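Student: Before we start, here is the structure in question, set down as structure tokens.
Rule-based calculations on the coordinates, nothing more; no lab input. Keep in mind that what you see is a predicted model, and the values were worked out from it rather than measured. Cβ sites come from the backbone with ideal geometry, for glycine too, and all protein chains shown count toward neighbours.
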Amino acid sequence: MEQRRLGRLGHMSSVLIYGGAALSEVTQEVADRSIRLALDSGINHFDTAADYGDSELRLGTWMPRIRDRIFLATKTGDPTATEAYDSIRRSIERLQVTRVDLVQLHSVGAFDDLDRRTASGGALEGAIRAREEGLVAAIGITGHGMRAPAVHLEALRRFRFDTVLTPYNYRLTRYPEFLRDFDALVEEVRAQDAGLMLIKAVARNLWRADEERRYTTWYEPLDEQSTIDAAMAFALGRREATGVCTAGDVRLVPMQIEAEERIASIPIDEAAATLERVPDLEPPFVRLEGRVVPEWLEPLLDR
């Protein structure tokens, strides 16, 4: 699998980053099969979070065997320094490690949330304390929403975050304001030599209100191999990005692994043309009639 440098951290990460949300609600047996597939396919970067259900526990059973072979990242969504620090310590215990390579402030997609987490007594202080104590090696930031790139750009201006995890896909780039903000973020990432990672590459839309949810993702994903191929080729066509996080369902991971094997042969304009033909393709951050907005996402849609 192709590898790319994770900014100034220097780690050569696989272009597919294993998204630990897929392990939130699965058994250890199911998790083991998915993790083994990822490792055998060349994935060497695993990304989880404190609030991804049992994900840290599922990964933790593997750490005694693979810790020295992978880049391990987790996240804290707690707003205050004390809560964030305590969350990081719990994550390390659940993961059965002595330290993680990266801890990220989780789901920061609005400016007022950024204000809270970077203020005196905010979560950033907890992450810095954990880094000073050797519990984490680096600090990053993540977030959702149409304004996420703009928020993450401001975050980099306030603090030298080592990494940024932000949304990017074909449909998002059709919104001029989003693309403007994303391109500005990329320029700052380059200037600081931070690591850039992408999420929501295979998002198709919010779920329909009257539709059975076929996957454990909070959004409706693309689930045909040809469109996943195109979506991955389009996202990884941004060479500034280290990689793309796999989607939050173990059944989609093999399809993204298969797509990675073909993306070099798919031109960006061909990928865009394929995605342009997908019916009902919309960002999962836009309110649409008949589509269900998760409660946690509601505040971000009003900004």
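Student: Across region 140-161, which residue is farthest from LEU6 (Cα to Cα) among those that are among the aliphatic types (A, V, I, L, M) and in contact with a strand residue (DSSP E or B) (Cβ under 6 Å, 6 or more places away or on another chain)?
Tutor: ALA148
Student: Mind counting the residues in region 96-125 that are surrounded by fewer than 18 Cβ atoms within 10 Å (Cβ to Cβ) and within 20 Å of HIS11 (Cβ to Cβ)?
Tutor: Adding up the residues that qualify gives 2.
Student: Any chance region 248-264 includes a residue that's farther than 28 Å from LEU9 by Cα, of a type in the set (D, E, K, R) and surrounded by 18 or more Cβ atoms within 10 Å (Cβ to Cβ)?
Tutor: yes
Student: Given the options VAL202, VAL244, VAL189, VAL164, name the one that is without any contact (Cβ under 8 Å) to a residue 60 or more places away in the chain and within 30 Å of ILE128 (Cβ to Cβ).
Tutor: The match here is VAL164.
Student: Here's something else I'd like to know. Provide a single number: the residues in region 115-141 that are more than 19 Å from the chain's Cα centre (by Cα), over 20 Å from ASP51 (Cβ atoms) and outside any helix (DSSP H, G or I).
Tutor: 5
Student: Could you list, in sequence order, all residues of region 25-49 that are aliphatic (A, V, I, L, M) and more than 27 Å from ARG5 (Cβ to Cβ)?
Tutor: The answer is VAL26, VAL30, ALA31.
Student: In region 291-303, what residues are among the aliphatic types (A, V, I, L, M) and in a helix (DSSP H, G or I)?
Tutor: Within region 291-303, LEU297, LEU300, LEU301 meet the criteria.
Student: Also: Looking at the structure I just gave you, is TRP207 surrounded by fewer than 15 Cβ atoms within 10 Å (Cβ to Cβ), closer than 22 Å to VAL26 by Cβ and in contact (Cβ under 8 Å) with a residue 60 or more places away in the chain?
Tutor: no
Student: So which residues in region 155-165 are buried (at least 18 other Cβ atoms within 10 Å of the Cβ), not aliphatic (A, V, I, L, M) and not in a strand (DSSP E or B)?
Tutor: If the condition is that a residue be buried (at least 18 other Cβ atoms within 10 Å of the Cβ), not aliphatic (A, V, I, L, M) and not in a strand (DSSP E or B), then PHE161, ASP162 are the ones that fit.
Student: Among the residues of region 81-91, is any within 23 Å of MET197 (Cα to Cα), surrounded by 15 or more Cβ atoms within 10 Å (Cβ to Cβ), under 17 Å from the mean Cα position of the chain (by Cα) and not charged (D, E, K, R)?
Tutor: Within region 81-91, not a single residue is within 23 Å of MET197 (Cα to Cα), surrounded by 15 or more Cβ atoms within 10 Å (Cβ to Cβ), under 17 Å from the mean Cα position of the chain (by Cα) and not charged (D, E, K, R).
Student: Shifting gears a bit: Restricting attention to region 265-290, and to residues there that are exposed (fewer than 14 other Cβ atoms within 10 Å of the Cβ) and assigned to a loop (DSSP other than H, G, I, E, B), which single residue is nearest to the chain's Cα centre (by Cα)?
Tutor: ARG287
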